[in-house]
Amino acid sequence: MGKPIKSPLRWGGKAIVTKRKSHQRSNHWRVTDLHVHTPASSDYQEPEVSFLDILRCSNERGLEIIAITDHNTVAGYRSMQEEMNQLEMLERLERITREERDQLEEYRLLLNKLLVLPGFEFTATFGFHVMGIFPPEMPVREIEYLLLQLNIPPDQLDDGSSTVGSTADVLAAYRIIDEAGGLVIAAHANSTNGVAMRGFRFGGQTKIAYTQDLHLHALEVTDLNQKGRRTTKSFFSGTKPEYPRRMHCIQGSDTHRLFTDPKNKKNLGIGDRTTEVLLEEVSFKALKALFLSNDFARTRPKWGASKEVFDFIQQAREDGPSIVQDFHESMTVQGGRLYAIIGNVCSFANTNGGTLFIGVSSDPKKPVEGISNPPIAVKQLKGEISTRISPPLTCQIDVHTTQGKRIIRVLVPQGEDPPYAVDDNKIYVRDEADTGLAVRDEIVQLVRRGLHDAGVVSKEISPLEASVEEERMGVLPPRTGVEIVTDEERGGNRYFSMKDLRNGNVVKNVTKSSARRLWHYAISQYTQLPENLENAKISWEGDLGILQERKQGNSTSFDLAQKTQEGIKIYFGVTEDGIHGDWRRLLGHNDGE
């Protein structure tokens, strides 16, 4: 490894990070690379590189936080500690040479600018990679003990090999690292050895578990700088029914060398693929707090030396309204716009939580209107939420700038005490991209959820759990849209039972006049179908068929059909987020999930 200069983050029980310059607390974008290998990894491509070289390069690339994540070992980070401990001991004994003093001073200078975090890239069962990153004051021996708990053989603790035989499973790794106070990140989740299993034709329930577990803090992805609905970040945006937990997504270089390999551009160097994080201070505590929050605008991709700033608001507009986000151009009382915002807040709290952007249209091509006096508007909005929504709901409200205009953002959590109501008696829910008043059966379901969260009633079987048994019966229905399961005429009125394909809940006694937008559409289309569905104009491919395709703005939805033992079923308003398995192939999506 040449002459390794190893940085201790502890000497005599004192953490080196205390020598970093103190910064006044204020939010700044900090450049991070949380996936850096050293020659302690057996597959490192430049074994002659020193640790001082790594720190120099990190500083030159403008990084402020790096994590040393060698394969199944903390030997590299430990070597950095031992080397600097030795230099400091020579300094105290006044036996240090001029060259060694220069090395020590350069270390101190670099560590004053750069936060170096200890960690590892663990190889779990079946080869999935999980990163554990820890505070700099955590003793290396404790981290090594965690590796032993994860079944790394004691005689291989220093090997730095990515293949270590039978180890712990992914979920056990998440739990052990999290409970030890670490930051848990699924390494290159959408790529080789990634837990998202992109392109796999199997593992649906496993993939859900591996990417939605509460001990997992973030996904590292390789396509963060790309846009569109097919990106990994979009897939885990909280809009898919089976993936309701929105995930923080970051990118790292996964570097095994100092600089990009000129012969193979895929072999990145330090800082070639980084993430900027908005932090009050450069510390592990602040970094972990970011990943524990539901603020997804405090991370943005940075690629190499690019000066382009990522506008998360514009990206949200391009994604469009969904079950977890919506837009309002103004919040005037006149015209009911302020009430519509309050209704949205209530509906997000009753559903999956979400984000509201006020002062901007959902049309990404339309100029931004902005809010003329954001401080007054924020104060007014806080007052309205506080006085009109019950039970009490805490939302984060802040001001951001896009295209030179200031807009308001409201982060709404999923409520812990549903149902939430506006003015005591108006209960709103989110139905894909629409907000509407809840009907009786939905209110009952919200009450049951609240009682379960409070521990009063036992948990019901979830649609995901039920789907394991249903899967034996053939292709599962789409996961968004609605199905009309029954209809009957009573007293001259026609009543429908609507099944929400997102969660499997059935709402009874819906009429066309009382139906919300998607339900109204489904009923309108359903009543126009021939009594014998065999005569409907359906494009069949085996037992699956397409009734029609609809385009609305940025989104596309489908009315789909399926032949079952009970007869032909029609699914109305199925969005891209609800299409899976054989349905994807029916619609020409051959990219897997």
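A short reminder: the numbers here are calculations on the coordinates, not readings from a lab. Source: prediction; values computed, not measured. Methodologically, a virtual Cβ is constructed for each residue, glycine included, from the backbone with ideal geometry; neighbour enumeration extends over all protein chains shown.
One chain, two ends: Thr125 and Lys379. Fully extended at 0.36 nm per residue, the span grows by 86.3 nm beyond their Cα-Cα distance. The length gained by stretching the chain between Asp155 and Arg517 to full extension, at 0.36 nm per residue less their Cα-Cα distance, is 124.0 nm. Sorted fewest first by neighbouring Cβ atoms within 10 angstrom, Asp577, Asp261 come out as Asp261, Asp577. Length gained on full extension, Lys366 to Asn85, computed as 0.36 nm times the residue gap minus the Cα-Cα distance: 95.2 nm.
Applying the Karplus relation 6.51 cos²θ - 1.76 cosθ + 1.60 with θ = phi - 60° to the stretch 351-365 yields 3J(HN,Hα) values of 10, 10, x, x, 10, 10, 10, 10, x, 8, 7, 6, 6, x, 8 Hz, where x marks Gly and Pro. Considering only Cα atoms, the convex hull volume of the stretch 317-452 works out to 99 Å³ per residue.
Applied to the stretch 208-217, the Karplus parametrisation 6.51 cos²θ - 1.76 cosθ + 1.60 on θ = phi - 60° returns per-residue 3J(HN,Hα) values of 4, 4, 6, 10, 10, 4, 5, 7, 8, 9 Hz, with x for Gly and Pro. The Cα center of the stretch 547-565 and the Cα center of the stretch 327-389 differ in position by 31 Å.
For the stretch 37-109, trypsin sites (Lys or Arg not before Pro) meeting the loop criterion (DSSP other than H, G, I, E, B) and having at most 14 other Cβ atoms within 10 Å: Arg95. The order of Trp583, Trp519, Trp540, Trp29, going from fewest to most other C-beta atoms within 10 Å of their C-beta, is Trp540, Trp29, Trp583, Trp519.
Between Val333 and Phe259, the FRET efficiency from the beta-carbon distance, with R0 = 60 Å, is close to 0.55.
With all pairs of separate Cα atoms included, the stretch 10-310 yields a Kirkwood hydrodynamic radius of 19.7 Å. One equal scatterer on each Cα of the stretch 121-207, no solvent, Debye formula: the resulting log10 I(q)/I(0) at q = 0.18, 0.20, 0.22 Å⁻¹ is -0.77, -0.93, -1.10.
Only Cα sites of the chain enter the Debye sum here, all with the same form factor; the resulting log10 I(q)/I(0) across q = 0.06, 0.09 1/Å is -0.37, -0.79, listed in q order. Which links in Lys227/Lys405; Lys382/Lys426; Lys233/Lys366; Lys113/Lys207; Lys266/Lys302; Lys233/Lys288 stretch past 27 Å when you go from one Cα to the other? The answer is Lys113/Lys207.
About the centre of its Cα atoms, the chain shows a dipole size close to 1600 debye [charges on the beta carbon of Lys, Arg (+1) and Asp, Glu (-1) only; nearest 20 debye]. Counting other Cβ atoms within 10 Å as a rough exposure proxy, the listed residues Phe120, Phe51, Phe128 run Phe128, Phe51, Phe120 from fewest neighbours to most. Where only DSSP H runs of four or more residues are counted, the chain gives -8500 deg cm²/dmol as its mean residue ellipticity at 222 nm, each run worth -39500 (n - 2.57).
Considering only Cα atoms, the convex hull volume of the stretch 346-419 works out to 85 Å³ per residue.
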